[in-house]
Each structure stands twice: as structure tokens, then as C-alpha cells.
1. How far is the Cα center of segment 155-213 from the Cα center of segment 221-279, in Å?
2. Mind pulling the angle between the C-alpha long axis of helix 366-375 and the longest principal axis of the chain? Nearest 10 degrees, somewhere in 0 to 90.
3. What FRET efficiency would be calculated for the residue pair S147, R401, taking the C-beta separation as r and a Förster radius of 30 Å, to the nearest 0.05?
4. Hey, which lysines would be in cross-link range of K263, C-alpha to C-alpha under 22 Å, not counting anything within fewer than 8 residues on its own chain?
5. Beta carbons within 10 angstrom, averaged per residue: use that to sort the peptides 300-313, 90-103, 355-368, highest first.
6. In whole Hz and in residue order, list the ³J(HN,Hα) couplings for segment 427-435 that follow from phi through the Karplus curve 6.51 cos²θ - 1.76 cosθ + 1.60, θ = phi - 60°; x for Gly and Pro.
7. Sort I130, I195 so that the residue with the fewest other Cβ atoms within 10 Å of its own Cβ comes first and the one with the most comes last.
8. Using only Cα atoms, find the angle between the long axis of helix 14-31 and the longest principal axis of the chain, and express it within 0 to 90 degrees, rounded to the nearest 10.
Amino acid sequence: MTRPRSRSRATGPATRRAVRRAGLALGCLLLLAATACTGGGRDAPRPDGGKDRAADGPLVVASGLDVTGSGGVRRQLVEEWNRRHAGSRDKQAELVELPGDADQQRSQLLGALQSGSARYDVVNLDITWIPEFAEAGLVSPMPPAASEREADDDLDFMKRVHATTVWKGRSYARPFNTDVGLLYHRTDVLTGAGIPAGRQPSADWTWQDLYASVKTLGVSPRSTRDQAGWTTQLKEYEGLTVNVVEAFADVHVKLADADGRYKADPVSLKKGLDALLTRNRLGQVQPAALSSDETSSLADFAAGRAVFLRHWPYAYGALGGMLDPDRYGVNRLPGAAVLGGQNLAVTADSARAEDARALVRFLTSAESERCLLDAGFAATRDSTYRPGAKACWPRVAAALRPSPGATAREGAPKEQSEAARAAYRTTLHDALNAAEQRPRTPYYGAFTHVLQSRVHALLSDETPDTAQAAAELDSALKDAFAGR
């Protein structure tokens with residue numbers, strides 16, 4: 001999809017929006033605890049936020065937890081914005097972090113925006129939520145670029161990444177940080193097994209190459225203590241959906257078209273499910289993968305319980321604090337890799353939309369994107385990965401820099417060389433430019449729930465029947481994509 005240079009504003013009828021608000025707010029009260037709708041905990045949104053306070057206080061940015069830590073890069077960027085607007089009290093901003101996993105955060109944001117129980121000016125949305133929030137009239141379309149310079153700046157975003165902001169021809173957000181599946185490998189284990197560097201993962205590796213290496217290693221895990229060929233995230237949550245979509249894409253199984261209409265059938269679904277099961281069987285997946293998320297799968301890999309790992313870019317920085325650089329490597333995922341990430345959108349009810357859009361532009365600027373990349377996120381701009389890219393804001397860079405003694409302490413892992421980091425950035429950029437999208441639909445929540453529950457049950461079955469599972473999944477997905 002091409003990116004529109006000019007975007008128009010559109011809002012639904014007020015009465016329709018009022019009905020939607022009331023309906024979803026009631027659903028939130030029935031289905032979730034009160035704190036799940038309005039947030040809870042120290043960093044959660046305040047329940048007295050409503051429209052009476054809409055023009056007072058700071059600009060509020062609602063976001064999920066930052067994987068770079070409590071003093072992470074997102075908070076540092078908001079603080080940099082505040083320093084640059086120190087003389088303007090009405091332009092100060094505040095980052096509110098929502099607790100829970102992605103599904104819980106989505107429920108909190110939907111409940112808060114629909115009911116008006118918390119005042120947000122900017123929301124950091126998972127890329128899969130854009131159609132749902134746009135269709136419900138909860139976020140505003142981005143206005144046309146105000147100048148040629150702004151238009152050129154917009155074109156700096158990677159095309160596949162920017163496409164995640166678009167729904168029905170209009171962009172509703174700006175890309176903040178992106179994500180893509182990568183393959184990590186234990187160089188020390190492969191070398192120790194007699195597999196030379198030339199046979200270890202490279203940009204043109206396939207799953208057959210991985211299977212061949214696993215066969216050479218001779219692993220056959222029966223318990224979580226055994227060494228496995230590979231591990232990933234197969235727990236019943238969004239990580240499982242990502243793994244399924246990647247396996248399906250490898251055998252050209254498409255679940256929906258660009259407008260969110262269901263396109264699969266029992267025959268194609270069986271093909272995709274067979275590919276997923278083959279990947280786990282021939283790859284000798286770690287038994288713990290069925291209950292693993294990002295944290296536990298990374299721990300298994302770092303501990304040597306898996307030789308290969310499918311994970312996100314931030315694992316590269318995390319492994320730097322666990323292993324010496326000669327003990328692991330990273331490359332593109334064999335076959336298809338799914339795009340992830342978050343986009344910043346201005347809420348439809350923000351009383352200071354112009355200031356909120358200026359804040360979004362700052363947080364997604366070339367300098368801010370470099371800060372995100374340096375902190376371990378994947379940046380959304382092409383220019384960030386090129387030689388001569390704009391540097392991170394100096395004070396943010398200083399705040400993110402580890403203390404001098406952190407890497408000097410006895411037993412601490414060595415740092416990756418600049419050459420290794422540059423090679424990693426090239427690998428990451430190439431992977432992002434070839435990444436696949438998950439289905440784009442306003443009913444993504446229903447879709448992913450159906451897929452997770454059905455596929456997890458299949459993976460847990462000792463004698464899986466993929467034909468029957470595909471038929472049942474087909475019926476359930478038809479309903480999910482139709483909003484039934």
C-alpha cells in the first residue's frame with residue numbers, strides 16, 4: 001500500500017460514537033475488574049481524568065511497559081520534550097505506563113477511551129490495534145503534512161512499517177518503534193559440535209539448514225532440563241499468534257486480505273498447521289516452549305538449554321548483559337518473519353490535539369528514533385540505519401549510557417564491538433524491509449484469541465489431527481473476522 005501524501009480528517013456521527021462508548025464501557029464493566037478499565041498501580045491512569053480536566057495538567061501519553069526498564073528510553077524521550085518546553089507549562093507531558101500484557105493493555109485503553117474514565121492525549125498502540133481504534137473513532141486521522149519538509153520527513157519511515165498506521169486509506173498514527181522476528185544462535189555450542197562458521201546461520205539460511213544443524217547436534221529433548229534444538233514463544237498469548245502467522249506465511253497461507261476479509265479455508269489451514277508442527281518436530285523444540293513467553297525463552301537460550309532462539313530485536317541488547325559476544329550471534333529468521341511494534345496516535349477526544357501531534361512528531365523524529373535504536377528497540381526510519389544518521393539527543397544518550405563500572409566488574413560479559421553492532425543494524429534493517437504483517441482487522445482481538453486457543457490445544461495434543469483442527473479453526477475464524 002502506498003502512503004498518502006495528503007490525509008483528510010474524518011469523524012463519525014456523534015450519536016453513533018455515544019452508542020459505541022456506552023456499549024463498550026458496559027462490556028468492560030462486565031468482563032473486567034474495575035482496575036482493568038481504568039488502570040491500577042503506581043503508574044496507572046487516574047480515574048478522575050475525564051473531560052472536566054481535559055485542558056489542564058500535562059499532555060498524557062499512555063503506553064505499555066518499556067522493555068528497556070523503569071528509567072527506559074520512552075520516559076527519557078518524554079523528559080527531553082519537557083526540557084525543551086520548560087517555559088511552557090501547558091506543553092509539559094507525562095508518560096503513563098499500563099500494567100499487564102498486550103491483551104490487558106488493549107482492554108484498558110479501549111475501556112478508558114470509550115468511557116472517558118481517563119484523559120489521554122496520545123496512545124502508544126500495538127500495530128495490530130490500529131484498525132480497531134480507527135474504526136471505533138477513538139483516534140484521529142493524521143492531518144496532511146504542513147510543509148514539503150514535513151512531507152519528506154514522513155517518507156523517511158520504512159514503507160512496510162508506515163503501512164501499519166494506515167486503515168482504509170488514511171494514516172491514524174506515526175510509527176514509534178518497530179519489531180521483527182530474528183534468529184539467535186549459540187555460536188559456542190555450534191562450534192563445539194564441529195559445525196564451522198560457514199555452516200552457521202547467515203542471511204540466506206532456511207529452516208532446512210536449521211534442521212540439518214539440529215540433526216548434527218543430536219539433541220532430542222524430553223524435559224525442560226535437556227538441551228533442545230531451538231525455542232520460541234508458544235504460550236497461549238500473542239507470541240503464539242506471531243509464531244503461527246510466520247509458519248503459515250512460509251507456506252503461503254494468507255488468513256485475510258488488506259481490508260480484513262477472511263481468505264483461508266480448511267485445506268490451506270491444514271497446510272499451515274502441518275508446517276508449524278513440522279517446524280517444532282524437526283527443529284527439536286524445547287518442551288518448555290509451550291509455556292514460554294519472551295522472558296522465559298530468552299532465559300532458556302542464555303542458559304544453553306536451546307541452541308537456536310526466535311526472538312525480537314531487544315533480545316540482542318539483553319544478551320549483551322548475559323553472554324560474551326563470541327558465544328552468540330543473530331541473523332534474519334529463516335523464511336517469513338512477522339512485523340511487530342507500536343505506533344503513536346492522538347486520541348479523538350484530546351482537547352489539545354495540536355500540541356499532542358507536535359509531541360508525537362518529536363517522539364518519532366530522526367533523533368528520537370536513534371535513541372530508540374541505541375536502547376534496543378528497532379527504529380522505524382530508513383535513515384536511522386544509514387551511515388551519517390542523526391545522533392540520539394545528547395542528554396537522552398547520557399541517561400541511557402551504562403555506568404563506567406557496569407561492564408568493568410569481574411565476570412561481566414564483554415561488549416559487542418562497533419563492527420558487530422553495525423552488522424546487526426544491517427541485519428535488522430534488511431529483516432524489517434522483508435517482514436510480513438499479521439491480519440489487519442477491527443476484530444483483531446477476537447481473531448487472535450481464537451487462533452491462540454485452537455492452536456495451543458493442537459500443539460499440546462500427543463496425536464494431533466490437523467485436518468479436524470483445520471476444519472474447526474476455519475469455522476471459528478470465519479466468525480471472528482466477521483465480528484460475530
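We did not get these values from a lab; they are worked out from the coordinates using the rules stated. Predicted model, so just to flag it, every value in this text is computed and none were measured. Note: ideal-geometry Cβ built from the backbone for every residue, glycine included; neighbour counts use all protein chains shown.
1. Going from one Cα centre to the other spans 16 Å.
2. In the chain, helix 366-375 runs at an angle near 40 degrees to the longest axis.
3. Using R0 = 30 Å, I get an efficiency of 0.30.
4. The qualifying lysines are K168, K254, K271, K478.
5. Peptide ranking by packing, descending: 300-313, 355-368, 90-103.
6. Residue by residue, segment 427-435 yields 4, 5, 4, 5, 5, 5, 6, 10, 6 Hz.
7. Fewest to most other Cβ atoms nearby, the residues stand as I195, I130.
8. In the chain, helix 14-31 runs at an angle near 50 degrees to the longest axis.
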